[in-house]
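What follows is a single structure, written as structure tokens, with notes after it.
A short reminder: the numbers here are calculations on the coordinates, not readings from a lab. Nothing here was measured: the structure is a model prediction, and the numbers come from that model. Cβ: placed from backbone, ideal geometry, glycine included. Neighbour counts: every protein chain shown.
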Amino acid sequence: MRYLILAMKNLLRRPVRSALTVAGVSLAVAVAVSLSGFNLGYARAIDQSIEKLGFQVMIMSKGCPYEAATMMLKGGTGLLYLPEDIYAKVKSDPDIASITPIFVGIAQKEGSSIRDEDEGNKSFSIVSGIDVESFKVMKPWLSFKTGKGYDGGHWFAQDATKEVVLGYEAAEYEQRKVGDTFYASIVPNGKTEPVMREYKVVGVLDRTGTQDDGTVFMPILPAQEAFGRMGELTIIGIKLKEFSGAKMREFEARWLKLPEVQVVGLQQVKTTLVSLVGTAQTMVAAVAAIAVIVAVIGVINTILMSVYERTGEIGIMKAIGAYRGDIFTLIWYETLAICAAGGIFGCILAVVGSSGVEAAIKALIDLGVSGSIVYITPQVIGYAMLGAIVLGFFAGLYPAWRASSMRPVEAIREGE
Amino acid sequence: MSDENNRPVVISARGLKRHYRRGSETVKALDGVDLDIREGEMVSVLGPSGSGKTTLINLLSCLDAPTEGTLTIAGKSVAGLGEDELVDVRRGTLGFVFQKFHLLPTLTVAENVELPLVFLRRPVDRAATTAVLARVGLEGRSGHLPRELSGGQMQRVAVARALIAKPKVLIADEPTGNLDKANGEQIFDLFRSLVRDEGLTVIVTTHNLQLGYLSDRVVTLEDGRVVKEEKGQALAAAGAAH
């Protein structure tokens, strides 16, 4: 303890230099913690998004699997359609536990209930045409918001033509409650001019943290009719009786024979998303590794400078009774103190700045998931602190060895 | 004189040599010194620059190892000992004062004085620290930082640091080299009083002949050899009094 206090006081001798070295370590630790938090958070966000989809397999029109995946998890505009009769064919597959057809269309928000202040900034609402009964089976957790203006929310009847259910955020954005009128500006397929349509809001969903929050739900038939795509679907969501790699491959082999169709397993979606982001992660990991190396060099440099500046003092300490091990310990403690302080500040920086990191990552890359993608756990913090201390452990070896190896008579002479 | 000669020898050097290479040349910094230091005496080592004073002090302090010869400190031969074993000899037996004070600037006066106890793993007794500081005339300065002290005061702190572990021998290498005349005399007076009142053995090197002769015995070195050994004024005065 007395050595630790002595080490701390030595570090305070050059506070600016020590602070800058601590800042270097902090930065490296913050990058490492943020990266680990992102790795964890992203995998978690994908898992959550996939779980909240409610189905394990999708059948959709052939195209880019990444686009298909992100479209399902987060929404998108590059929609492809498949003939509705495929649904009828697939439905009879004996391995299917439940199946639901979904039609997705994009309505312009411009011209709908809320007009954007910026006329040039056209944004979009996702409109999902669903089969209520099978959709409810897929997503049993969906519930209706209650409270003033929201009570009495319910799903529309399948044959209703002018009723919609709004996702939580869609309702917030449009400032709509149960019983209000919802306007949708929809350009039918093959037309250039939008058609304004009116619907009655019959329910607003509770928040789910998925793309459902921003979706406008309506029965499948009026959705197809509004978008001018009668007899077409966007995806078919499927839950298998037994979900395993082998079963998935069997199922895929059966239905890939259909023209213009791709069978996408959601584990495959996860792999695709993770591998696509993997390159960016590798680059960030490389940056983190460089930051750590620079920090280690900075720590070694600072402590070595400090050792050389105190050559005479080290000689005196040896003269007055310090063993080599005492000097080694003292210098080593200084290194550990710098790295531990860097670890603590780095973790604080990473936790405090995680929302900023998340915003920056989301601005740079379309990750294909909604929800939080940086998840810093106590374990991550623990590993980061351990890493910082291990870093100090190794960074301190050389300066401590140099200091402890000084011959007292030469050290005192050099310090004169 | 006979009384002084009956005191036990605390440091004994025989044929002490310290040679080292400088390029192709062998420098004989110390070339066969025989010397006995007895308990409770103050010995000044005088000589011009390069005469081997500091080399001798370094060997007697176990800070350096002789090339040849034997050295016994407090009855223990130090020939062939490793660095940590030499530390063992120094700990508790020898105290050091150097020309530059080498106080740790971030530690207070009291903490600097207590530093040897940290390395000796002895408990720190602030009352003992205060007493040592009072002994060197620095009452009330324990909380000050070194930068708040004068050169003379810093050297007194260095003396207090050397005394805190209660050594048998205090070894001072040019302790007045960075001090003015008045402060130099005060340091020597302090050494004299430590010898007189507490029976401490003091070995001191100096360029200052006037101060050097204030000791019991004066050893003069030239070219690494003892060329003269004589009584100092202190012993001469004591002899005259008897």
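Using mean Cβ contacts within 10 Å as the protection proxy, how do A:13-24, A:161-172, A:316-327 order, highest first? Don't skip to the answer; put the middle values down first.
On the way: A:13-24: 16.7, A:161-172: 21.4, A:316-327: 23.0.
The densest-packed peptide leads the list: A:316-327, A:161-172, A:13-24.
Tell me which aspartates and glutamates have Cα within less than 15 Å of residue A:177's Cα, excluding those fewer than 8 residues away on the same chain?
A:151, A:163, A:169, A:198, A:206, A:213
Once both axes come from the Cα atoms, what is the angle between helix A:2-11 and the longest principal axis of chain A, in degrees from 0 to 90, rounded to 10?
Computed tilt is about 80 degrees.
Only four residue types carry charge here, +1 at the Cβ of Lys and Arg and -1 at the Cβ of Asp and Glu. Report the dipole size of segment A:81-233 about the Cα centre in Debye, rounded to the nearest 20. Each step should come with its number before you reach the end.
Numbers: 17 positive and 25 negative charges, 48 e Å.
The dipole of segment A:81-233 has a size of about 240 debye.
Could you quote the convex hull projected area for chain A, Cα atoms only and averaged over all directions, in nm²? Walk me through the numbers on the way to the answer.
On the way: hull surface 108.0 nm².
Projected over every direction and averaged, the Cα hull of chain A covers 27.0 nm².
How large is ³J(HN,Hα) for each residue in segment B:178-184, as worked out from phi by the Karplus curve 6.51 cos²θ - 1.76 cosθ + 1.60 (θ = phi - 60°), to whole Hz, x for Gly and Pro?
Listing the rounded values in order: 9, 10, 6, 4, 4, 5, x Hz.
Quick check: the angle from helix A:245-255's long axis to the longest principal axis of chain A, C-alpha only, nearest 10 degrees?
30
Where the centre of each part is set by its Cα atoms, how far does segment A:161-211 sit from segment A:213-273, in angstrom?
Segment A:161-211 and segment A:213-273 have Cα centres separated by 23 Å.
What's the average, rounded to a whole number, of partner chain beta-carbon atoms within 10 Å of each residue's beta-carbon in A:320-332? Write down the numbers at each step before the final one.
On the way: counts 19, 18, 8, 6, 4, 1, 5, 1, 0, 0, 2, 0, 0.
The mean count of partner-chain Cβ atoms within 10 Å per residue comes to 5.
Determine ³J(HN,Hα), in whole Hz, for all residues of segment A:335-349 in sequence, where each value follows from phi through the Karplus function 6.51 cos²θ - 1.76 cosθ + 1.60 and θ = phi - 60°; x replaces Gly and Pro.
5, 5, 4, 4, 6, 5, 4, x, x, 5, 5, x, 5, 4, 4
Residue A:200's amide H: which non-local residues (gap 5+, or another chain) put their own amide H closer than 5 Å, with H modeled 1.01 Å from N in plane and none for Pro or chain starts?
Here A:163, A:164, A:182 satisfy the definition.
Taking each residue of B:159-171 in turn, how many C-beta atoms of other protein chains fall within 10 Å of its C-beta, and what is the average? If you can, show how the numbers build up before the last one.
Numbers: counts 0, 0, 2, 2, 0, 1, 2, 0, 2, 0, 0, 0, 1.
The shielding value for this peptide is 1.
In degrees, nearest 10, range 0 to 90: what is the angle between the Cα axis of helix B:109-120 and the longest Cα principal axis of chain B?
60
Which lysines, on any chain, are close to residue A:318 with Cα under 22 Å apart, when same-chain ones fewer than 8 places away are left out?
Straight-line reach from residue A:318, under 22 Å: A:9, B:53, B:76, B:100, B:166, B:168.
Under a straight-distance cross-link criterion of Cα-Cα below 21 Å, which lysines are reachable from residue A:52, leaving out those fewer than 8 residues away in the same chain?
Counting by Cα, and skipping residues close in sequence, residue A:52 has these lysines nearby: A:74, A:136, A:139, A:145, A:239, A:241, A:270, A:362.
With θ set to phi - 60°, apply the Karplus curve 6.51 cos²θ - 1.76 cosθ + 1.60 along segment B:199-215 and write out the HN-Hα couplings as whole Hz, x wherever there is a Gly or Pro.
Karplus values, whole Hz, x for Gly and Pro: x, 6, 9, 10, 10, 9, 9, 7, 8, 8, 4, 4, 5, x, 7, 6, 7.
In peptide B:118-130, how many Cβ atoms from other protein chains are near each Cβ within 10 Å, on average?
Details: counts 10, 11, 3, 3, 1, 0, 1, 0, 0, 0, 0, 0, 0.
Shielding by partners across B:118-130 averages 2.
Sort A:356-364, A:298-306 by packing, meaning the average of other beta carbons within 10 Å per residue, with the highest value first. Could the numbers behind the result be given before it?
Numbers: A:356-364: 13.8, A:298-306: 20.1.
The peptides rank, most packed first, as A:298-306, A:356-364.
Would you mind computing Rg(Cα) / (2.2 N^0.38 Å) for segment A:81-233, counting N as its residues? Display every interim value, and only then the final one.
Values: Rg = 15.6 Å, N = 153, 2.2 N^0.38 = 14.9 Å.
Against the empirical 2.2 N^0.38 Å value, I get 1.05 for segment A:81-233.
Going by average Cβ density within 10 Å per residue, which order do the peptides B:107-113, A:87-93, B:158-164 take, highest to lowest?
Working: B:107-113: 22.7, A:87-93: 14.0, B:158-164: 26.7.
Descending mean neighbour count gives B:158-164, B:107-113, A:87-93.
Give me the one-decimal Kirkwood hydrodynamic radius in Å for chain B, with the sum taken over alpha-carbon pairs.
Details: mean 1/r = 0.0544 Å⁻¹.
That comes to 18.4 Å for chain B.
What is the set of long-range amide H partners of residue A:104 at a cut-off below 5 Å, with H atoms built 1.01 Å from backbone N?
Those qualifying (amide H under 5 Å, at least 5 residues apart or on another chain) are A:129, A:234, A:235.
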